[in-house]
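Some notes on the structure that comes next.
The values are calculated or read from the model by the stated rules, or taken from the named source; none is laboratory data. Quick caveat, the model's predicted, so the values are computed rather than measured. Every residue, glycine as well, gets a Cβ built from its backbone with ideal geometry; the counts of neighbours run over all protein chains shown. Areas reflect the complete protein model, heavy atoms only, side chains present, ligands, DNA and RNA absent. Shrake-Rupley method; radii C 1.70, N 1.55, O 1.52, S 1.80 Å.
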Amino acid sequence: MWIQVEINLAPRQRGYHLITEEIYRAAPQLSEIKIGLAHLLLQHTSAGLTLNENADPSVREDFERFFNRLVPENEPYYTHTYEGDDDMPAHLKSSLLGCELTLPITDGEFNLGTWQGVYLCEARNRASGRTLILTIQGE
Amino acid sequence: MWIQVEINLAPRQRGYHLITEEIYRAAPQLSEIKIGLAHLLLQHTSAGLTLNENADPSVREDFERFFNRLVPENEPYYTHTYEGDDDMPAHLKSSLLGCELTLPITDGEFNLGTWQGVYLCEARNRASGRTLILTIQGE
Amino acid sequence: MWIQVEINLAPRQRGYHLITEEIYRAAPQLSEIKIGLAHLLLQHTSAGLTLNENADPSVREDFERFFNRLVPENEPYYTHTYEGDDDMPAHLKSSLLGCELTLPITDGEFNLGTWQGVYLCEARNRASGRTLILTIQGE
């Protein structure tokens with residue numbers, strides 16, 4: 001069985017946001033799959049997707065602080081700057097974190113660790129909504 | 001054909017460890033697959049998975065030294081610190097390296113490059129065992 | 001339907017290169033797939049694959065400058081140095097960026113965002129050609 005759904009995420013603040021539940025809601029047919037894989041592609045080059053800690057918001061806040069230092073704004077050597085100070089850093093963060101993920105499915109659910117959730121990593125100051133392509137295959 | 005196996009890895013020291021052979025041993029049915037894909041999810045948020053050089057241990061030692069500098073301990077802005085100095089750096093390393101991989105299968109084997117192996121990237125000082133979910137599909 | 005193709009990329013300069021069109025040309029059967037997934041593995045440990053901005057070459061030039069600063073050459077603590085100054089940094093960049101990607105397929109095409117393309121991230125000064133394994137499954 002193949003399922004493919006476009007998920008439209010509402011605009012969010014710059015930062016790291018848990019979106020696991022939104023993905024579940026977009027694919028109720030997931031519950032029928034005993035073994036399978038779910039693939040997520042974020043169709044953007046200035047935001048990312050990653051798996052990390054799903055409980056304590058301080059992890060997500062420390063992510064924002066760390067990545068802002070790792071990928072500084074206004075580096076004198078940036079040449080791709082016409083969309084603002086957050087333009088080039090957002091492209092770089094997207095590739096450091098990645099923008100696609102594959103998740104195993106077992107007995108109708110994502111088979112993640114207890115503490116794992118999907119983060120949308122929003123790297124723009126004033127982002128529009130973001131689009132995910134969810135592709136599921138299983139039996 | 002779908003195969004799904006839980007692989008329990010013994011605890012390892014902080015550092016980078018080749019686990020390709022352990023993955024093979026967990027899935028002998030792999031040998032029957034002509035074309036397919038194998039997906040690995042590490043069910044943890046304080047360790048990672050990556051593909052890199054499988055021969056010279058100095059690469060894995062330089063990985064440990066590099067990532068400890070890239071993601072320092074005790075940054076004054078970290079707020080998620082209650083599990084120790086290695087807590088927040090481990091979460092960050094996990095997302096920089098990623099915790100899931102997909103490998104092609106050809107004629108019963110992973111179709112990796114000559115020098116590629118799967119690394120478990122252990123980022124905690126005193127880690128417990130780690131769990132991988134291996135999901136294989138092929139024909 | 002399963003398709004698996006080896007793609008031989010010509011040698012390229014150190015830097016970031018768009019290869020989306022080469023991947024399309026290697027798999028004309030893609031046009032018959034309504035829903036599916038395409039997986040790319042770069043069989044090397046000194047180069048990477050990532051999705052990023054497909055239009056403005058300045059993004060790719062800034063990638064080269066940024067990653068050269070993030071992963072410096074000649075760090076005194078590197079021990080894996082016998083292939084030159086670019087040896088260990090190339091391994092590290094490969095794992096930071098990743099060397100494998102999965103792309104959704106919809107109606108015979110990769111279902112990427114408008115601005116997304118596949119980058120070959122060449123991290124060696126004098127690289128040989130690079131080999132990709134493209135594995136496609138769909139219906």
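The table for this structure:
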item: Simple spin-label estimate for residue C:56 and residue A:8 in nanometres, 7 Å along Cα-Cβ; result: 2.7
item: Cut-off 12 Å between beta-carbons: net charge of the residues surrounding residue B:60, Lys and Arg +1, Asp and Glu -1; result: -3
item: Charge sum, other residues only, whose C-beta stays under 14 Å from residue A:134's C-beta, Lys/Arg counted +1 and Asp/Glu -1; result: -2
item: Inter-copy separations for residue A:79, label at 7 Å along Cα-Cβ, nm, ascending; result: 4.0, 4.0
item: Accessible area buried at the B-A interface, both sides summed, 1.4 Å probe (Å², nearest 100); result: 2600
item: Residue B:81 versus residue C:139: modelled label distance in nm, points set 7 Å from Cα along the beta carbon direction; result: 5.4
item: Candidate lysines - alpha carbon under 26 Å from residue B:34, same-chain residues fewer than 8 apart omitted; result: A:34, C:34
item: Exercise: per-residue mean of other protein chain Cβ atoms within 10 Å, B:72-79; result: 3
item: Where N is the number of residues in the range B:2-138, Cα Rg divided by 2.2 N^0.38 Å; result: 1.11
item: Segments B:103-111, B:75-83 sorted - mean Cβ within 10 Å per residue, highest first; result: B:103-111, B:75-83
item: At 1.567 mPa s and 4 °C, Stokes D of the protein assembly as shown from Kirkwood alpha-carbon radius, µm² per second; result: 61
item: Per residue solvent-accessible surface (Å²) - the protein assembly as shown, probe of 1.4 Å; result: 37
